Every structure is written in C-alpha cells, then in structure tokens.
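Undergrad: Here it is, the structure in full.
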Amino acid sequence: MSKIEVSTDLMESERVARFSNTEPNPMMFVDTRLPEHARELFSIIGPGVSEDPKTRPSITGSHGFNVAYVGAEPGCGAALHNHVTVEVFIPFSGNWTIYWGDEGENEISIGPLDCISVPPGVMRGFRNNSENYAHMVAIVGGDDNGKVEWAQSVLERASKTGLRLDVDGNLIVEDA
C-alpha cells in the first residue's frame, strides 16, 4: 500500500479553515431578511445547500459532506425548510431548539456538543434559545445536495423583503 504524502503548506493552503479568516455570508438563504431568521452563515467545507451561487467555502472540493457554522442572536435561526439529504446539528455554544414537522410541531432542545440528525425530506428549522449569541455547526450529507425547499409561508414573507428564488432555486435580490 502506497503512502500519500501531503505537505504542511498544502494542508494549510487547501484543507484548513481558520475561523478568524472566515466571513459570514449574510444572504445565503431566502429567509435571512426575516428578523427572527437573521443569522450568520459560514461555509466551511463545500457549498452545502446555499441559494447564493457566489458562496465560496473555505475548504473546497468533494468530501461527501458539507459543513457550515451558524451564529445567531437569541431567538433567531432558520425558518422551516427541508433538504434531500440528512442534516446534522451540533451546538458549539448556547442552547438551541431544533423543530420539525410540516408545521414545526415537534421540537427538541440541545446544548453544547449534543447532536441531532434530521432525516432527508423532513421539514426542519432551528433557533438559538440562549440569552447570548451562540454558534452551532450544521452538516449536510452528500456532494450533490439539491436545493432547499421552504414552507410556502416563508417564501411569501421573504418576497415582501425583496428576496425570492429563481426557477433553479438561486437567490434573487430585489428592492423591497
């Protein structure tokens, strides 16, 4: 069996994401202008299910999964949506509620280093239930993640803020 050699320089330049060098994408999803869904989204590995075609992750290439960091103020998080792939949530800090179901009728609270795996096709959302800004990691399975499917009420509210999706599921920013 041959041994693969990878230099420290190559690892540093192509396979390390330093949080201090990452910038959040403020317009990664159609719900980001809705006050209760405002959050910072950091693409770390792979583009994930971003609706912004300009999303550039810190670590590129196919990995079989995508990793994003989410930062949110208290009471904020993602609106009800689903993916064609599994999605895993692991808080770094704070307490988060993960809710799911067609109307978000089910929920579980998780804290730092807890983990929940939401199956493909299940409507889900999350919010920071802490008293302070908190971070969580979100992992989406696969290299071809499709696009997010949003609850119709989210799309209707987002359109009033000037955000909508084109036929391919990419974000269009218009004047509100």
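Read-outs: derived from the displayed coordinates by stated rules, not from any lab. It should be emphasised that the depicted structure is a prediction, and the values quoted were computed from it without experimental measurement. All Cβ positions, even for glycine, are placed from backbone atoms using ideal geometry, and neighbour counts span all protein chains on display.
Residues are listed down the side, and each one gets a yes or a no for (1) touching a residue at least 60 places away in the same chain (Cβ under 8 Å); (2) in contact with a Lys or Arg (Cβ under 7 Å, 6 or more places away or on another chain); (3) over 20 Å from PRO53 (Cα atoms):
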| position | (1), (2), (3) |
| --- | --- |
| PRO120 | no, no, yes |
| ASN132 | no, no, yes |
| ALA138 | yes, no, no |
| ASP144 | no, no, no |
| LYS147 | yes, no, no |
| ALA151 | yes, no, yes |
| VAL154 | yes, no, yes |
| SER159 | no, no, no |
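Undergrad: I've got another one for you. Working only within the range 139-152, note down all residues that are surrounded by fewer than 20 Cβ atoms within 10 Å (Cβ to Cβ) and either among the hydrophobic types (A, V, I, L, M, F, W, C) or in a strand (DSSP E or B) (or both).
TA: Those that are surrounded by fewer than 20 Cβ atoms within 10 Å (Cβ to Cβ) and either among the hydrophobic types (A, V, I, L, M, F, W, C) or in a strand (DSSP E or B) (or both): GLY141, GLU149, ALA151.
Undergrad: Okay, moving on. Looking at the range 53-69, I want the residues that are within 11 Å of ALA17 (Cβ to Cβ) and have a partner that is among the charged types (D, E, K, R) with Cβ atoms under 9 Å, at least 6 apart or on another chain. Which pairs are those?
TA: Hits for this filter: SER58/ARG18; ILE59/GLU14; ILE59/ARG15; THR60/GLU14; TYR69/GLU40.
Undergrad: Okay, next question. Go through the range 3-30 and report how many residues are part of a loop (DSSP other than H, G, I, E, B), among the aliphatic types (A, V, I, L, M), without any contact (Cβ under 8 Å) to a residue 24 or more places away in the chain and surrounded by 10 or more Cβ atoms within 10 Å (Cβ to Cβ).
TA: As a first pass, look at the range 3-30 and keep what is part of a loop (DSSP other than H, G, I, E, B): 3-7, 15-18, 22-30.
Among the residues that remain, those that are also among the aliphatic types (A, V, I, L, M) are: 4, 6, 16-17, 27-28, 30.
Within this subset, residues satisfying the condition of being without any contact (Cβ under 8 Å) to a residue 24 or more places away in the chain are 4, 6.
Applying the additional criterion that residues be surrounded by 10 or more Cβ atoms within 10 Å (Cβ to Cβ) yields none.
The qualifying residues number 0.
Undergrad: GLY94 - would you say it is more than 15 Å from the chain's Cα centre (by Cα), buried (at least 17 other Cβ atoms within 10 Å of the Cβ) and farther than 20 Å from MET123 by Cβ?
TA: For GLY94, the condition - more than 15 Å from the chain's Cα centre (by Cα), buried (at least 17 other Cβ atoms within 10 Å of the Cβ) and farther than 20 Å from MET123 by Cβ - is met.
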